[in-house]
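A short worksheet on the structure shown next.
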């Protein structure tokens, strides 16, 4: 029998906090989407506008957040961000319980959640190097395993809204965020660089450092395809696909997303069990190209069982490109500027969703969810081929 994890270890507590936060985030991906498409019966274009509202703060604030995370005591910052997220989610649960849910409430919550997330992402990423020594690529893969394991658990919990009702299920999500904050405050303090005034050169400094590194530049360009083509399909089109094509409810949406995240967990566990991956640039390009295939399969209107198989394969691809791409950036970033460099990475991946969210909603409205998924998959293949031809991504060891 393997020994129990040492709860005194900062790494174990970091992973526990990440698991709790990811569990709450997994619940949100299902519940919030269903509030819009299931409870309010919003059109695809409205769902795209909600996703845009959620991702726009990331585009606006992520570089500032990265510089801030390099300066401040990160444990305190991320703990307070978790508390703020828990309070915002509790307010949403109260609105649902009081039958006060409306599109203005949804848009306000989307903006608040996106603002908190913009600061959580680079702070959490930079904290990894505070608690881990040694092989950062393996550490990133282990974190991917914990992150998507938590999201899969949360998605599964979200499906209980079919029996418990939406308000108490959203309240449970808020409680998990609060528990994550408690665990974060038990981590060791990190040493920031000081609370000097942030100027524009520092905010743009991460972009300059990424541009100067061929490895980071090629990785960033390739990973921007996730935000441009996959994010809109995932956050906007999939809930509409479940509602309009499969005529499902919140439980079926939860099952679909859980299956995708279980695929990610399996993929991350497989990567963690392997030795150092060779030809990581080629592996990154291949995993992104393969991620287009599930979209093309779903575009055929396959039965729901086959759609779950496509979702599982999509999750395997997510594990590969997320672990490899983030690991390459972690290893290449200067330690003193790691948070701001990783904020540029997250900006490329998530900020591109500002473009893809309304576009995906518009395409789903004009051509239906099947047509929108087919176009996203085809565009992803063309994009990856173009980046591979234009960069040296295939030469990265």
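One table, with the values for the structure above:
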{"quantity": "Matching helices (runs of 4 or more DSSP H) fully within the stretch 302-397 where at least 2 residues are touching a helix residue (DSSP H, G or I) at 6+ places or on another chain (Cβ under 7 Å) and more than 27 Å from residue 57 (Cα to Cα)", "calculated": "304-332, 353-390"}
{"quantity": "Enumeration of residues in the stretch 242-258 that are in contact (Cβ under 8 Å) with a residue 60 or more places away in the chain and either surrounded by fewer than 22 Cβ atoms within 10 Å (Cβ to Cβ) or farther than 18 Å from residue 314 by Cβ (or both)", "calculated": "243, 244, 245, 246, 249, 250, 251, 255"}
{"quantity": "Residues satisfying the stated conditions in the stretch 160-171, i.e. touching a helix residue (DSSP H, G or I) at 6+ places or on another chain (Cβ under 7 Å) and surrounded by fewer than 22 Cβ atoms within 10 Å (Cβ to Cβ)", "calculated": "160, 162, 166, 167, 171"}
{"quantity": "Residue list for the stretch 187-216, restricted to those being in a loop (DSSP other than H, G, I, E, B) and at pLDDT below 75", "calculated": "190, 191, 192, 193, 194, 195, 196, 197, 198, 199, 204"}
{"quantity": "Qualifying residue in the stretch 179-186 (condition: modelled with pLDDT of 70 or more, surrounded by fewer than 22 Cβ atoms within 10 Å (Cβ to Cβ) and either in contact with a strand residue (DSSP E or B) (Cβ under 6 Å, 6 or more places away or on another chain) or closer than 26 Å to residue 259 by Cα (or both))", "calculated": "yes"}
{"quantity": "Filtered residue count, the stretch 153-165, keeping only those that are within 18 Å of residue 258 (Cα to Cα) and outside any loop (DSSP other than H, G, I, E, B)", "calculated": "9"}
{"quantity": "Flag for residue 2 being assigned to a loop (DSSP other than H, G, I, E, B) and either at pLDDT below 95 or surrounded by 17 or more Cβ atoms within 10 Å (Cβ to Cβ) (or both)", "calculated": "yes"}
{"quantity": "Residues of the stretch 277-301 classified as over 20 Å from the mean Cα position of the chain (by Cα) and assigned to a loop (DSSP other than H, G, I, E, B), total", "calculated": "6"}
{"quantity": "Qualifying position, being in contact (Cβ under 8 Å) with a residue 60 or more places away in the chain, assigned to a helix (DSSP H, G or I), surrounded by fewer than 17 Cβ atoms within 10 Å (Cβ to Cβ) and within 22 Å of the chain's Cα centre (by Cα), among 150, 175", "calculated": "175"}
{"quantity": "Residue that is farthest from residue 218 (Cα to Cα) [pool: residues in the stretch 259-300 that are at pLDDT 95 or above and either surrounded by fewer than 18 Cβ atoms within 10 Å (Cβ to Cβ) or touching a strand residue (DSSP E or B) at 6+ places or on another chain (Cβ under 6 Å) (or both)]", "calculated": "300"}
{"quantity": "Close pairs (6 angstrom Cβ cut-off, 6 or more residues apart or separate chains): closer than 16 Å to residue 31 by Cβ in the stretch 88-106, modelled with pLDDT under 95 and not in a helix (DSSP H, G or I) anywhere", "calculated": "95/101"}
{"quantity": "Top-ranked residue of the stretch 97-106 - restricted to ones that are surrounded by 16 or more Cβ atoms within 10 Å (Cβ to Cβ) and within 25 Å of the chain's Cα centre (by Cα), ranked as nearest to residue 47 (Cα to Cα)", "calculated": "106"}
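To keep it simple, each residue is scored yes or no on (1) surrounded by fewer than 24 Cβ atoms within 10 Å (Cβ to Cβ); (2) in contact (Cβ under 8 Å) with a residue 12 or more places away in the chain; (3) under 28 Å from residue 269 (Cβ atoms).
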| site | (1), (2), (3) |
| --- | --- |
| 321 | no, yes, yes |
| 327 | no, yes, yes |
| 340 | no, yes, no |
| 345 | no, yes, yes |
| 358 | yes, yes, no |
| 362 | yes, yes, no |
| 367 | yes, no, no |
| 373 | no, yes, yes |
| 386 | yes, no, no |
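The values are calculated or read from the model by the stated rules, or taken from the named source; none is laboratory data. For clarity, every value in this text was computed on a predicted model and none was experimentally measured. A quick note on method: Cβ atoms are made from the backbone with ideal geometry, for glycine too, and the neighbour counts reach across all protein chains shown.
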